[in-house]
1. Taking the simple approach of a point 7 Å from Cα along Cα-to-Cβ for both residue 27 and residue 46, what is their distance in nm?
2. Take the Cα radius of gyration of the chain and divide it by 2.2 N^0.38 Å, with N its residue count; two decimals is plenty.
3. Using a Gaussian network model of the chain with C-alpha springs under 10 Å, which one of 64, 20, 51 is most mobile by mean-square fluctuation?
4. Taking the Cα centre of the chain as the origin, how large is its charge dipole in debye, to the nearest 20, when only Lys and Arg (+1) and Asp and Glu (-1) carry charge on their Cβ atoms?
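What follows is calculated from the coordinates using simple rules that are stated; it is not laboratory data. Owing to the predicted nature of the structure, the values given are computational and were not obtained by experimental measurement. Here Cβ is always computed from backbone atoms with ideal geometry, including for glycine, and neighbour counts include all displayed protein chains.
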Amino acid sequence: MEDKYHVWQEWARNLHHWGLASMAIVFLQAGAPLRILAAQAAYLGQPFFDLFIKSDTLNSLAKLLENDGEIASFIGYLREVDQA
């Protein structure tokens with residue numbers, strides 16, 4: 001569980017750094033059908049994505065995209081970090 005929050009912290013930091021946090025929140029809230037496709041793309045493209053992203057991080061992203069409860073928690077985390 002603690003590992004998940006470490007990954008979330010890294011993602012939130014990168015999204016805020018690139019100015020993509022708000023866009024990520026909108027996508028995560030509105031793109032439910034696309035989230036499932038994105039998760040499957042992450043699983044199928046793992047050999048290619050391993051060149052750029054750690055496999056643990058990619059697996060965490062795919063699992064997040066498949067779980068509505070985790071999505072809600074991550075959106076809350078992104079908003080919390082944005083307000084801090």
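1. Spacing of the two 7 Å Cα→Cβ label points: 2.1 nm.
2. Values: Rg = 12.4 Å, N = 84, 2.2 N^0.38 = 11.8 Å.
Dividing the Cα radius of gyration by 2.2 N^0.38 Å gives 1.05.
3. 51
4. Details: 6 positive and 10 negative charges, 38 e Å.
Using Cβ point charges on Lys, Arg, Asp and Glu, the chain gives about 180 debye.
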